[in-house]
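Worksheet: the structure to be examined is printed underneath.
The values are calculated or read from the model by the stated rules, or taken from the named source; none is laboratory data. Bear in mind that the values here come from a model prediction, so they are computed numbers and not experimental data. We place every Cβ from the backbone using ideal geometry, glycine too, and count neighbours over all the protein chains shown. To get the accessible areas, we keep the full protein, side chains included, count just its heavy atoms, and leave off ligands, DNA and RNA. Shrake-Rupley method; radii C 1.70, N 1.55, O 1.52, S 1.80 Å.
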Amino acid sequence: MDAIATEGNGAMSERANSGEEAPLYIKVNAKDNVAIIVNTGDLPAGTSFACGLKLRESIPQGHKVALTDLPRNAPIIRYGEVIGYARDPISAGSWVKEQLVTLPAPPALDELPLANQVPPALPPLEGYTFEGYRNEDGSVGTKNILGITTSVQCVAGVLDYAVKRMKEELLPRYGHVEDVVALTHHYGCGVAIGAPDAIIPIRTIANMATNPNFGGEVLVIGLGCEKLVPDRLIPAKGGSVVSLQDHHGFQGMIQAIMASAEEKLMKLNERRRVTCSASDLVVGLQCGGSDAFSGVTANPAVGYAADLLVRAGATVLFSEVTEVRDAVHLLTPRVVNEEVGRALIREMKWYDEYLDKGEADRSANPSPGNKRGGLVNIVEKSLGSVVKSGSSPITGVLSPGEKAARKGLLYAATPASDFVCGTLQFASGANMEVFTTGRGTPYGLAVVPVIKVATRSLLAEEWHDLIDVNAGTIATGEATIEDVGWELFRTILDVASGRKQTWADRWGLHNSLTLFNPAPVT
(Lines give C-alpha, C1' and ligand atoms only; values in the text may rest on other atoms or scores of the structure.)
Protein backbone atom coordinates (compact mmCIF):
# COMPACT_ATOMS: atom_id res chain seq x y z
CA MET A 1 0.00 0.00 0.00
CA ASP A 2 1.69 3.21 -1.15
CA ALA A 3 -0.33 5.63 0.95
CA ILE A 4 -2.77 5.17 3.75
CA ALA A 5 -4.87 8.20 4.68
CA THR A 6 -3.12 10.48 2.22
CA GLU A 7 -4.28 13.53 4.09
CA GLY A 8 -3.51 11.83 7.40
CA ASN A 9 -0.53 13.68 8.88
CA GLY A 10 -1.86 17.17 8.31
CA ALA A 11 -5.40 16.17 9.23
CA MET A 12 -4.34 14.52 12.46
CA SER A 13 -2.45 17.68 13.40
CA GLU A 14 -5.43 19.85 12.48
CA ARG A 15 -7.76 17.64 14.52
CA ALA A 16 -5.48 17.92 17.53
CA ASN A 17 -5.44 21.71 17.24
CA SER A 18 -9.09 22.33 16.47
CA GLY A 19 -10.74 19.46 18.32
CA GLU A 20 -12.72 18.64 15.15
CA GLU A 21 -12.34 15.66 12.87
CA ALA A 22 -10.54 16.81 9.75
CA PRO A 23 -11.59 15.30 6.40
CA LEU A 24 -9.60 12.21 5.47
CA TYR A 25 -9.43 10.00 2.43
CA ILE A 26 -7.40 6.89 1.63
CA LYS A 27 -5.50 6.60 -1.62
CA VAL A 28 -3.92 3.15 -1.84
CA ASN A 29 -1.54 3.40 -4.79
CA ALA A 30 0.23 6.29 -6.49
CA LYS A 31 -1.56 5.36 -9.75
CA ASP A 32 -5.04 5.64 -8.21
CA ASN A 33 -7.42 8.28 -9.50
CA VAL A 34 -10.04 7.56 -6.82
CA ALA A 35 -9.88 7.41 -3.03
CA ILE A 36 -12.30 6.38 -0.26
CA ILE A 37 -13.68 8.68 2.41
CA VAL A 38 -12.52 7.79 5.93
CA ASN A 39 -14.76 9.99 8.06
CA THR A 40 -17.77 8.51 9.84
CA GLY A 41 -21.04 9.55 8.25
CA ASP A 42 -21.22 11.69 5.10
CA LEU A 43 -18.76 14.40 4.19
CA PRO A 44 -20.90 17.28 2.85
CA ALA A 45 -20.52 19.02 -0.50
CA GLY A 46 -17.94 21.77 -0.29
CA THR A 47 -15.63 19.86 2.05
CA SER A 48 -12.03 20.73 1.21
CA PHE A 49 -8.96 18.55 1.76
CA ALA A 50 -5.48 19.85 2.47
CA CYS A 51 -4.40 18.84 -1.05
CA GLY A 52 -6.98 21.24 -2.54
CA LEU A 53 -9.59 18.64 -3.55
CA LYS A 54 -13.13 19.90 -2.94
CA LEU A 55 -16.21 17.66 -2.79
CA ARG A 56 -18.86 18.51 -5.38
CA GLU A 57 -21.47 16.46 -3.51
CA SER A 58 -21.98 14.67 -0.20
CA ILE A 59 -20.09 11.33 -0.08
CA PRO A 60 -20.63 8.60 2.56
CA GLN A 61 -17.86 6.89 4.50
CA GLY A 62 -16.07 4.23 2.47
CA HIS A 63 -17.35 5.47 -0.88
CA LYS A 64 -15.08 6.75 -3.62
CA VAL A 65 -14.28 10.28 -4.64
CA ALA A 66 -12.73 11.09 -8.00
CA LEU A 67 -9.31 12.68 -7.51
CA THR A 68 -9.14 13.93 -11.09
CA ASP A 69 -11.57 14.58 -13.92
CA LEU A 70 -12.49 11.26 -15.55
CA PRO A 71 -13.76 11.45 -19.15
CA ARG A 72 -16.27 8.95 -20.48
CA ASN A 73 -14.65 5.47 -20.81
CA ALA A 74 -11.63 6.54 -18.76
CA PRO A 75 -10.17 3.78 -16.57
CA ILE A 76 -11.05 4.04 -12.88
CA ILE A 77 -8.04 2.96 -10.88
CA ARG A 78 -7.87 1.72 -7.30
CA TYR A 79 -5.13 -0.46 -5.77
CA GLY A 80 -3.13 0.51 -8.86
CA GLU A 81 -5.51 -1.65 -10.96
CA VAL A 82 -8.42 -0.85 -13.27
CA ILE A 83 -11.65 -1.57 -11.38
CA GLY A 84 -13.88 -0.30 -14.19
CA TYR A 85 -14.49 2.45 -16.73
CA ALA A 86 -16.41 5.69 -16.42
CA ARG A 87 -19.83 5.24 -18.01
CA ASP A 88 -20.20 9.04 -18.14
CA PRO A 89 -17.77 11.90 -17.41
CA ILE A 90 -16.99 12.20 -13.68
CA SER A 91 -15.60 15.47 -12.33
CA ALA A 92 -12.90 15.66 -9.67
CA GLY A 93 -14.53 15.77 -6.23
CA SER A 94 -17.57 13.76 -7.40
CA TRP A 95 -18.94 10.56 -5.90
CA VAL A 96 -17.91 7.56 -8.03
CA LYS A 97 -21.14 5.58 -7.73
CA GLU A 98 -21.79 2.02 -8.83
CA GLN A 99 -24.01 3.07 -11.72
CA LEU A 100 -21.19 5.23 -13.13
CA VAL A 101 -18.76 2.30 -13.37
CA THR A 102 -18.68 -0.19 -16.25
CA LEU A 103 -17.44 -3.66 -15.27
CA PRO A 104 -14.22 -4.61 -17.07
CA ALA A 105 -13.53 -8.02 -18.56
CA PRO A 106 -11.97 -10.59 -16.20
CA PRO A 107 -8.34 -11.67 -16.66
CA ALA A 108 -7.97 -14.19 -19.50
CA LEU A 109 -6.97 -17.40 -17.73
CA ASP A 110 -4.96 -18.86 -20.59
CA GLU A 111 -2.75 -15.79 -20.80
CA LEU A 112 -1.66 -15.51 -17.18
CA PRO A 113 2.04 -15.52 -16.24
CA LEU A 114 3.03 -18.45 -14.02
CA ALA A 115 5.69 -18.45 -11.31
CA ASN A 116 7.65 -15.60 -12.88
CA GLN A 117 7.74 -13.42 -9.74
CA VAL A 118 8.02 -15.96 -6.93
CA PRO A 119 8.67 -13.99 -3.73
CA PRO A 120 11.82 -14.94 -1.84
CA ALA A 121 11.19 -16.89 1.33
CA LEU A 122 10.89 -14.59 4.33
CA PRO A 123 13.20 -15.16 7.31
CA PRO A 124 12.00 -17.98 9.58
CA LEU A 125 10.10 -16.91 12.69
CA GLU A 126 11.20 -19.25 15.43
CA GLY A 127 10.25 -19.80 19.04
CA TYR A 128 6.50 -19.13 18.83
CA THR A 129 4.28 -21.75 20.43
CA PHE A 130 0.74 -22.41 21.61
CA GLU A 131 -0.90 -24.93 23.91
CA GLY A 132 -2.75 -27.44 21.77
CA TYR A 133 -4.00 -31.03 21.70
CA ARG A 134 -1.54 -33.26 19.86
CA ASN A 135 -3.04 -36.19 17.95
CA GLU A 136 -1.58 -39.57 17.02
CA ASP A 137 -1.28 -38.55 13.37
CA GLY A 138 0.83 -35.50 14.28
CA SER A 139 -1.93 -32.95 13.78
CA VAL A 140 -2.86 -30.57 16.58
CA GLY A 141 -6.26 -29.41 17.78
CA THR A 142 -7.14 -26.05 19.25
CA LYS A 143 -10.27 -27.50 20.84
CA ASN A 144 -11.15 -30.89 22.34
CA ILE A 145 -14.53 -31.79 20.88
CA LEU A 146 -16.52 -34.92 20.14
CA GLY A 147 -17.74 -34.45 16.59
CA ILE A 148 -20.46 -36.85 15.45
CA THR A 149 -20.80 -37.24 11.69
CA THR A 150 -23.96 -38.14 9.82
CA SER A 151 -24.12 -40.06 6.56
CA VAL A 152 -27.58 -38.78 5.66
CA GLN A 153 -29.88 -35.92 6.62
CA CYS A 154 -32.62 -38.32 7.74
CA VAL A 155 -30.86 -38.99 11.06
CA ALA A 156 -30.33 -35.33 12.00
CA GLY A 157 -33.34 -35.03 14.29
CA VAL A 158 -32.45 -38.19 16.22
CA LEU A 159 -28.83 -37.10 16.58
CA ASP A 160 -29.81 -33.61 17.73
CA TYR A 161 -31.95 -35.21 20.46
CA ALA A 162 -29.07 -37.50 21.45
CA VAL A 163 -26.58 -34.62 21.56
CA LYS A 164 -28.88 -32.64 23.84
CA ARG A 165 -28.91 -35.57 26.26
CA MET A 166 -25.15 -36.02 25.96
CA LYS A 167 -24.58 -32.42 26.97
CA GLU A 168 -26.91 -32.81 29.94
CA GLU A 169 -25.95 -36.29 31.12
CA LEU A 170 -22.51 -37.25 29.78
CA LEU A 171 -20.46 -34.13 29.17
CA PRO A 172 -20.42 -33.03 32.86
CA ARG A 173 -18.65 -36.32 33.67
CA TYR A 174 -15.85 -35.64 31.19
CA GLY A 175 -14.53 -32.25 32.18
CA HIS A 176 -11.65 -32.15 29.71
CA VAL A 177 -14.00 -32.38 26.69
CA GLU A 178 -15.26 -28.96 25.63
CA ASP A 179 -18.33 -29.85 23.59
CA VAL A 180 -20.27 -32.37 21.56
CA VAL A 181 -21.13 -31.22 18.04
CA ALA A 182 -23.43 -32.89 15.49
CA LEU A 183 -22.02 -32.58 11.96
CA THR A 184 -25.37 -32.63 10.23
CA HIS A 185 -25.95 -31.77 6.57
CA HIS A 186 -28.46 -32.09 3.71
CA TYR A 187 -26.79 -34.90 1.78
CA GLY A 188 -26.61 -38.68 1.61
CA CYS A 189 -29.78 -39.77 -0.16
CA GLY A 190 -31.84 -38.57 -3.11
CA VAL A 191 -28.58 -37.52 -4.74
CA ALA A 192 -26.56 -38.62 -7.75
CA ILE A 193 -23.92 -40.34 -5.64
CA GLY A 194 -21.89 -41.43 -8.68
CA ALA A 195 -21.83 -38.05 -10.46
CA PRO A 196 -18.31 -36.66 -10.94
CA ASP A 197 -18.95 -33.58 -8.79
CA ALA A 198 -20.36 -35.71 -5.97
CA ILE A 199 -16.78 -36.16 -4.83
CA ILE A 200 -16.95 -32.63 -3.39
CA PRO A 201 -19.65 -33.18 -0.73
CA ILE A 202 -18.51 -36.74 -0.04
CA ARG A 203 -14.87 -35.90 0.68
CA THR A 204 -15.99 -32.82 2.60
CA ILE A 205 -18.10 -34.93 4.98
CA ALA A 206 -15.33 -37.51 5.33
CA ASN A 207 -12.61 -34.92 5.95
CA MET A 208 -14.70 -32.96 8.45
CA ALA A 209 -14.79 -36.06 10.65
CA THR A 210 -11.00 -36.14 10.87
CA ASN A 211 -10.41 -32.48 11.74
CA PRO A 212 -7.67 -32.16 14.40
CA ASN A 213 -10.15 -30.71 16.90
CA PHE A 214 -11.90 -34.11 17.09
CA GLY A 215 -8.85 -36.00 18.32
CA GLY A 216 -9.14 -38.87 15.85
CA GLU A 217 -12.32 -40.23 17.44
CA VAL A 218 -14.72 -40.77 14.53
CA LEU A 219 -18.37 -41.63 15.15
CA VAL A 220 -20.80 -41.84 12.22
CA ILE A 221 -24.59 -42.04 12.58
CA GLY A 222 -26.34 -43.58 9.58
CA LEU A 223 -29.85 -44.70 8.74
CA GLY A 224 -29.22 -47.97 6.91
CA CYS A 225 -30.64 -47.41 3.44
CA GLU A 226 -28.88 -44.22 2.35
CA LYS A 227 -26.80 -43.91 -0.81
CA LEU A 228 -23.81 -42.47 1.07
CA VAL A 229 -22.94 -45.58 3.04
CA PRO A 230 -21.17 -44.78 6.34
CA ASP A 231 -18.18 -46.94 5.41
CA ARG A 232 -17.20 -44.28 2.86
CA LEU A 233 -16.78 -41.82 5.73
CA ILE A 234 -14.65 -43.97 8.02
CA PRO A 235 -10.89 -43.25 7.90
CA ALA A 236 -8.38 -46.00 7.22
CA LYS A 237 -7.67 -46.56 10.92
CA GLY A 238 -11.36 -47.10 11.53
CA GLY A 239 -14.13 -45.58 13.56
CA SER A 240 -17.57 -46.39 14.89
CA VAL A 241 -20.91 -46.54 13.07
CA VAL A 242 -24.40 -46.57 14.54
CA SER A 243 -27.08 -47.44 11.97
CA LEU A 244 -30.55 -46.50 13.21
CA GLN A 245 -32.39 -49.23 11.29
CA ASP A 246 -30.42 -51.83 13.30
CA HIS A 247 -32.08 -50.79 16.56
CA HIS A 248 -35.48 -51.25 18.16
CA GLY A 249 -37.46 -48.04 18.52
CA PHE A 250 -36.40 -44.50 19.20
CA GLN A 251 -35.07 -45.22 22.68
CA GLY A 252 -33.00 -48.08 21.32
CA MET A 253 -31.43 -45.70 18.80
CA ILE A 254 -30.67 -43.12 21.48
CA GLN A 255 -29.13 -45.71 23.80
CA ALA A 256 -26.86 -47.00 21.02
CA ILE A 257 -25.71 -43.48 20.10
CA MET A 258 -25.13 -42.55 23.75
CA ALA A 259 -23.12 -45.72 24.42
CA SER A 260 -20.87 -45.18 21.39
CA ALA A 261 -20.47 -41.50 22.25
CA GLU A 262 -19.43 -42.30 25.80
CA GLU A 263 -16.67 -44.57 24.52
CA LYS A 264 -15.34 -41.65 22.49
CA LEU A 265 -15.73 -39.20 25.36
CA MET A 266 -13.68 -41.42 27.64
CA LYS A 267 -10.77 -41.32 25.17
CA LEU A 268 -11.08 -37.61 24.44
CA ASN A 269 -11.14 -36.87 28.16
CA GLU A 270 -7.55 -38.13 28.36
CA ARG A 271 -6.31 -35.39 26.05
CA ARG A 272 -4.39 -32.50 27.57
CA ARG A 273 -2.96 -29.34 26.10
CA VAL A 274 0.76 -29.49 25.49
CA THR A 275 3.20 -26.94 24.11
CA CYS A 276 3.17 -27.09 20.31
CA SER A 277 5.00 -25.15 17.64
CA ALA A 278 3.14 -22.44 15.79
CA SER A 279 3.92 -24.56 12.73
CA ASP A 280 1.09 -26.90 13.83
CA LEU A 281 -1.54 -24.26 13.14
CA VAL A 282 -3.79 -24.54 10.08
CA VAL A 283 -5.50 -21.16 9.77
CA GLY A 284 -8.34 -20.44 7.35
CA LEU A 285 -8.82 -16.86 6.18
CA GLN A 286 -12.06 -15.43 4.88
CA CYS A 287 -14.16 -12.27 4.83
CA GLY A 288 -17.86 -11.51 5.02
CA GLY A 289 -19.85 -8.32 5.02
CA SER A 290 -16.90 -6.70 3.24
CA ASP A 291 -16.66 -2.98 2.57
CA ALA A 292 -14.29 -0.56 0.87
CA PHE A 293 -12.08 -0.55 3.97
CA SER A 294 -11.56 -4.32 3.85
CA GLY A 295 -8.74 -4.06 1.34
CA VAL A 296 -6.88 -1.28 3.18
CA THR A 297 -7.22 -2.17 6.87
CA ALA A 298 -8.37 -5.62 8.00
CA ASN A 299 -7.30 -7.69 4.99
CA PRO A 300 -3.76 -6.23 4.75
CA ALA A 301 -3.37 -6.77 8.51
CA VAL A 302 -4.52 -10.37 8.07
CA GLY A 303 -2.08 -10.69 5.18
CA TYR A 304 0.74 -9.50 7.42
CA ALA A 305 -0.29 -12.03 10.07
CA ALA A 306 -0.47 -14.70 7.35
CA ASP A 307 3.16 -13.96 6.44
CA LEU A 308 4.11 -14.29 10.12
CA LEU A 309 2.33 -17.65 10.29
CA VAL A 310 4.07 -18.89 7.14
CA ARG A 311 7.41 -17.73 8.54
CA ALA A 312 6.62 -19.74 11.68
CA GLY A 313 6.03 -22.83 9.53
CA ALA A 314 2.23 -22.91 9.74
CA THR A 315 -0.34 -23.70 7.07
CA VAL A 316 -2.52 -20.80 5.88
CA LEU A 317 -5.60 -21.23 3.67
CA PHE A 318 -7.14 -18.42 1.65
CA SER A 319 -10.22 -19.06 -0.46
CA GLU A 320 -13.39 -17.67 -2.09
CA VAL A 321 -13.11 -18.22 -5.85
CA THR A 322 -15.37 -15.40 -7.00
CA GLU A 323 -13.44 -12.98 -4.79
CA VAL A 324 -10.14 -14.12 -6.28
CA ARG A 325 -11.06 -14.59 -9.95
CA ASP A 326 -10.74 -10.91 -10.94
CA ALA A 327 -7.41 -10.55 -9.14
CA VAL A 328 -5.94 -13.91 -10.09
CA HIS A 329 -3.39 -12.20 -12.35
CA LEU A 330 -1.76 -10.89 -9.16
CA LEU A 331 -1.50 -14.41 -7.73
CA THR A 332 -0.25 -16.62 -10.56
CA PRO A 333 3.17 -14.90 -10.64
CA ARG A 334 3.54 -15.81 -6.91
CA VAL A 335 3.01 -19.57 -7.23
CA VAL A 336 6.10 -21.64 -6.47
CA ASN A 337 6.03 -23.45 -9.81
CA GLU A 338 3.98 -23.86 -12.97
CA GLU A 339 2.23 -26.97 -11.65
CA VAL A 340 0.73 -24.97 -8.79
CA GLY A 341 -0.15 -22.18 -11.22
CA ARG A 342 -1.99 -24.57 -13.51
CA ALA A 343 -3.89 -25.97 -10.51
CA LEU A 344 -4.96 -22.44 -9.54
CA ILE A 345 -6.15 -21.74 -13.08
CA ARG A 346 -7.96 -25.11 -13.11
CA GLU A 347 -10.04 -24.08 -10.10
CA MET A 348 -10.86 -20.71 -11.66
CA LYS A 349 -11.99 -22.38 -14.91
CA TRP A 350 -14.07 -24.95 -13.07
CA TYR A 351 -15.94 -22.20 -11.26
CA ASP A 352 -16.42 -20.15 -14.43
CA GLU A 353 -18.12 -23.20 -15.96
CA TYR A 354 -20.15 -23.81 -12.79
CA LEU A 355 -21.52 -20.26 -12.91
CA ASP A 356 -22.24 -20.59 -16.62
CA LYS A 357 -24.33 -23.71 -15.99
CA GLY A 358 -26.39 -21.78 -13.49
CA GLU A 359 -26.78 -18.87 -15.91
CA ALA A 360 -25.05 -16.64 -13.38
CA ASP A 361 -21.96 -14.51 -13.70
CA ARG A 362 -19.52 -12.67 -11.51
CA SER A 363 -21.73 -9.58 -11.32
CA ALA A 364 -23.91 -11.50 -8.81
CA ASN A 365 -21.21 -10.57 -6.29
CA PRO A 366 -20.89 -8.14 -4.40
CA SER A 367 -23.95 -8.13 -2.15
CA PRO A 368 -26.19 -5.12 -1.48
CA GLY A 369 -24.46 -4.66 1.88
CA ASN A 370 -21.04 -4.67 0.24
CA LYS A 371 -22.23 -1.93 -2.08
CA ARG A 372 -23.57 0.13 0.80
CA GLY A 373 -20.08 -0.17 2.25
CA GLY A 374 -18.56 1.41 -0.87
CA LEU A 375 -17.69 -1.54 -3.13
CA VAL A 376 -18.88 -0.89 -6.68
CA ASN A 377 -18.20 -4.29 -8.27
CA ILE A 378 -16.52 -7.68 -7.95
CA VAL A 379 -13.22 -6.38 -9.36
CA GLU A 380 -12.80 -3.88 -6.55
CA LYS A 381 -13.92 -6.49 -4.03
CA SER A 382 -11.46 -9.08 -5.36
CA LEU A 383 -8.52 -6.70 -5.29
CA GLY A 384 -9.26 -6.00 -1.64
CA SER A 385 -9.89 -9.66 -0.84
CA VAL A 386 -6.67 -11.21 -2.13
CA VAL A 387 -4.47 -9.06 0.12
CA LYS A 388 -5.44 -11.46 2.93
CA SER A 389 -2.91 -13.79 1.32
CA GLY A 390 -0.01 -11.54 2.30
CA SER A 391 3.19 -11.70 0.28
CA SER A 392 4.40 -15.30 0.70
CA PRO A 393 4.80 -17.74 -2.20
CA ILE A 394 1.70 -19.84 -2.90
CA THR A 395 2.86 -23.42 -2.31
CA GLY A 396 -0.25 -25.40 -3.21
CA VAL A 397 -3.88 -25.49 -4.35
CA LEU A 398 -6.72 -27.52 -2.84
CA SER A 399 -9.93 -28.46 -4.59
CA PRO A 400 -13.10 -27.93 -2.52
CA GLY A 401 -13.06 -30.06 0.64
CA GLU A 402 -9.61 -31.53 -0.04
CA LYS A 403 -7.36 -32.05 2.98
CA ALA A 404 -4.25 -29.88 3.29
CA ALA A 405 -1.11 -32.01 3.14
CA ARG A 406 1.64 -29.39 3.04
CA LYS A 407 2.76 -26.30 4.90
CA GLY A 408 2.86 -22.71 3.75
CA LEU A 409 0.32 -20.55 1.95
CA LEU A 410 -2.32 -22.63 0.15
CA TYR A 411 -5.20 -21.61 -2.04
CA ALA A 412 -8.23 -23.66 -0.96
CA ALA A 413 -10.93 -23.28 -3.60
CA THR A 414 -14.38 -22.54 -2.14
CA PRO A 415 -17.44 -20.48 -2.99
CA ALA A 416 -17.51 -17.03 -1.39
CA SER A 417 -20.49 -17.89 0.85
CA ASP A 418 -19.31 -17.51 4.45
CA PHE A 419 -20.92 -20.73 5.63
CA VAL A 420 -19.81 -22.88 2.69
CA CYS A 421 -16.30 -21.43 2.75
CA GLY A 422 -15.97 -22.02 6.48
CA THR A 423 -17.19 -25.60 6.15
CA LEU A 424 -14.76 -26.39 3.34
CA GLN A 425 -11.80 -24.82 5.18
CA PHE A 426 -12.73 -26.88 8.23
CA ALA A 427 -12.78 -30.01 6.06
CA SER A 428 -9.36 -29.05 4.71
CA GLY A 429 -8.04 -29.27 8.26
CA ALA A 430 -8.29 -25.73 9.59
CA ASN A 431 -8.04 -25.64 13.38
CA MET A 432 -8.57 -21.86 13.45
CA GLU A 433 -10.29 -19.25 11.31
CA VAL A 434 -9.79 -15.50 10.93
CA PHE A 435 -12.76 -13.61 9.53
CA THR A 436 -12.70 -9.96 8.47
CA THR A 437 -15.85 -7.85 8.25
CA GLY A 438 -16.73 -4.25 7.48
CA ARG A 439 -20.51 -4.33 7.63
CA GLY A 440 -20.56 -6.74 10.58
CA THR A 441 -21.66 -10.35 11.04
CA PRO A 442 -22.02 -12.54 14.15
CA TYR A 443 -20.68 -15.54 12.18
CA GLY A 444 -19.05 -18.30 14.21
CA LEU A 445 -18.42 -22.04 14.16
CA ALA A 446 -18.70 -24.50 17.05
CA VAL A 447 -15.94 -26.69 15.64
CA VAL A 448 -13.12 -24.14 15.39
CA PRO A 449 -12.50 -20.73 16.96
CA VAL A 450 -13.32 -17.82 14.63
CA ILE A 451 -11.45 -14.56 15.29
CA LYS A 452 -13.37 -11.61 13.84
CA VAL A 453 -11.51 -8.53 12.64
CA ALA A 454 -13.30 -5.23 12.02
CA THR A 455 -12.32 -3.02 9.10
CA ARG A 456 -13.69 0.14 10.77
CA SER A 457 -13.35 1.51 14.29
CA LEU A 458 -17.04 2.46 14.36
CA LEU A 459 -18.02 -1.18 13.83
CA ALA A 460 -15.56 -2.30 16.52
CA GLU A 461 -17.06 0.24 18.93
CA GLU A 462 -20.69 -0.55 18.16
CA TRP A 463 -20.03 -4.30 18.21
CA HIS A 464 -17.56 -4.23 21.08
CA ASP A 465 -18.78 -7.60 22.33
CA LEU A 466 -18.63 -9.33 18.92
CA ILE A 467 -15.39 -8.05 17.33
CA ASP A 468 -12.10 -9.52 18.54
CA VAL A 469 -9.58 -7.27 16.76
CA ASN A 470 -10.05 -3.72 15.46
CA ALA A 471 -8.14 -2.91 12.27
CA GLY A 472 -9.97 0.38 11.80
CA THR A 473 -7.15 2.20 13.57
CA ILE A 474 -5.08 1.72 10.42
CA ALA A 475 -7.39 4.03 8.46
CA THR A 476 -6.92 6.92 10.87
CA GLY A 477 -3.18 6.46 11.30
CA GLU A 478 -3.43 5.36 14.94
CA ALA A 479 -1.82 2.02 14.08
CA THR A 480 0.06 0.49 11.17
CA ILE A 481 -0.70 -2.65 9.21
CA GLU A 482 2.29 -4.23 10.94
CA ASP A 483 0.95 -3.26 14.40
CA VAL A 484 -2.42 -4.88 13.81
CA GLY A 485 -0.82 -7.84 12.02
CA TRP A 486 1.29 -8.62 15.08
CA GLU A 487 -1.72 -8.11 17.37
CA LEU A 488 -3.67 -10.61 15.31
CA PHE A 489 -0.77 -13.11 15.25
CA ARG A 490 -0.54 -13.02 19.03
CA THR A 491 -4.33 -13.27 19.33
CA ILE A 492 -4.26 -16.40 17.16
CA LEU A 493 -1.73 -18.01 19.51
CA ASP A 494 -3.74 -17.02 22.58
CA VAL A 495 -7.03 -18.31 21.20
CA ALA A 496 -5.42 -21.52 19.92
CA SER A 497 -4.04 -22.07 23.44
CA GLY A 498 -7.38 -21.56 25.14
CA ARG A 499 -5.98 -18.55 26.99
CA LYS A 500 -8.40 -16.25 25.22
CA GLN A 501 -11.94 -16.91 24.04
CA THR A 502 -13.43 -15.39 20.91
CA TRP A 503 -16.64 -13.44 21.36
CA ALA A 504 -18.50 -15.90 19.12
CA ASP A 505 -17.47 -18.79 21.39
CA ARG A 506 -18.26 -16.80 24.51
CA TRP A 507 -21.84 -16.23 23.35
CA GLY A 508 -22.18 -19.61 21.62
CA LEU A 509 -22.82 -18.03 18.21
CA HIS A 510 -22.34 -21.01 15.94
CA ASN A 511 -23.57 -21.26 12.36
CA SER A 512 -24.46 -24.58 10.80
CA LEU A 513 -21.92 -26.34 8.62
CA THR A 514 -23.00 -26.05 4.99
CA LEU A 515 -21.92 -28.41 2.23
CA PHE A 516 -21.07 -27.37 -1.30
CA ASN A 517 -22.90 -29.79 -3.61
CA PRO A 518 -22.67 -28.94 -7.32
CA ALA A 519 -23.76 -32.48 -8.29
CA PRO A 520 -27.35 -33.32 -9.37
CA VAL A 521 -30.08 -34.08 -6.87
CA THR A 522 -32.30 -36.94 -8.08
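Nothing charged except the Cβ atoms of Lys and Arg (+1) and of Asp and Glu (-1): what's the magnitude of the dipole of region 284-442 about its Cα centre? Round to the nearest 20 debye.
Dipole magnitude for region 284-442 comes out near 320 debye.
Compute the Cα gyration tensor for region 240-311, then decide on rounded, prolate or oblate, letting a ≥ b ≥ c be the square roots of its eigenvalues: rounded whenever a/c is under 1.5, prolate when a/b is larger than b/c in the other cases, and oblate in all that remain. Verdict is oblate for region 240-311.
Set the Förster radius R0 to 25 Å, insert the Cβ-Cβ distance between L109 and V521 as r into 1/(1 + (r/R0)^6), and round the FRET efficiency to 0.05. Please list the in-between numbers first.
Numbers: r = 29 Å, r/R0 = 1.17.
Between L109 and V521 the formula returns 0.30.
Residue farthest toward the positive end of the dipole of the chain, with Cβ of Lys/Arg at +1 and Asp/Glu at -1: which of F516, P106, G444? Value computed over the given set: F516. Between W486 and A195, the distance separating the two model label sites (each 7 Å from Cα on the Cα→Cβ line) works out to 5.1 nm. Here the relative contact order of the chain, from alpha carbon pairs under 8 Å that lie six or more residues apart, stands at 17 percent.
With runs of 4+ DSSP H residues as the only contributors, calculate the mean residue ellipticity of the chain at 222 nm using -39,500 (n - 2.57) per run, divided by the residue total and rounded to the nearest 500.
It comes out at -8000 deg cm²/dmol, rounded to the nearest 500.
Here the calculated FRET efficiency for A405 and A259, from their Cβ-Cβ distance with R0 = 35 Å, stands at 0.50, rounded to the nearest 0.05. Under the convention that each Lys and Arg Cβ holds +1 and each Asp and Glu Cβ holds -1, the size of the dipole of the chain around its Cα centre is about 380 debye. Site pair N116 and K54 shows an inter-label distance of 4.6 nm when each label is modelled 7 Å from Cα along Cα→Cβ.
Ordering V82, V376 by accessible surface, largest first, gives V82, V376; the 1.4 Å probe counts only protein heavy atoms, with every chain in place.
Counting Lys and Arg as +1 and Asp and Glu as -1, what is the net charge of the other residues whose Cβ lies under 15 Å from the Cβ of V321?
So the surrounding residues net to -4.
If the segment from H176 to A45 were pulled out straight at 0.36 nm per residue, it would be longer than the present Cα-Cα gap by 41.2 nm. The order of L410, L458 by accessible area, most exposed first and with a 1.4 Å probe, is L458, L410.
Of the whole protein surface, R456 contributes about 40 Å² of accessible area at a 1.4 Å probe radius.
When the dipole is taken about the Cα centre of region 395-473, and only Lys, Arg (+1) and Asp, Glu (-1) are charged at their Cβ, what size is it in debye, to the nearest 20? All intermediate terms of the calculation are to be shown ahead of the outcome.
On the way: 6 positive and 7 negative charges, 72 e Å.
Result for region 395-473 is approximately 340 debye, rounded to the nearest 20.
Of K388, K97, the residue with the largest accessible area leads and the full order is K97, K388 (1.4 Å probe). If you take all other residues with their beta carbon under 11 Å from the beta carbon of Y443, and give Lys and Arg +1 and Asp and Glu -1, the sum is -1. Across region 339-408, the relative contact order, built from alpha-carbon pairs under 8 Å that are at least six residues apart, equals 31 percent. Of the residues F49, G313, P235, the one whose Cα sits farthest towards the positive end of the charge dipole of the chain is P235 (charges of +1 on Lys and Arg Cβ, -1 on Asp and Glu Cβ, taken about the Cα centre).
For the chain, the solvent-accessible area with a 1.4 angstrom probe is 39 square angstrom per residue.
Full extension of the segment from W507 to A364, taken as 0.36 nm per residue of separation minus the current Cα-Cα distance, would add 48.2 nm. Within the assembled protein chains, the solvent-accessible surface assigned to W350 is about 70 Å², based on a 1.4 Å probe. Diffusion of region 20-131 by Stokes-Einstein, at 10 °C in a medium of 1.306 mPa s and with Rh set to the Kirkwood radius over alpha-carbon pairs, works out to 96 µm²/s.
Count Lys and Arg as plus one, Asp and Glu as minus one, and take only other residues whose Cβ is under 10 Å from that of P106; the net charge is then -1. Residue separation of R272 and D465 scaled by 0.36 nm, minus their Cα-Cα distance, works out to 66.6 nm of gained length.
Quick check: at a probe of 1.4 Å, how many percent of the accessible area of region 50-157 sits on carbon and sulfur atoms? So the carbon and sulfur contribution to the accessible surface is 49 percent.
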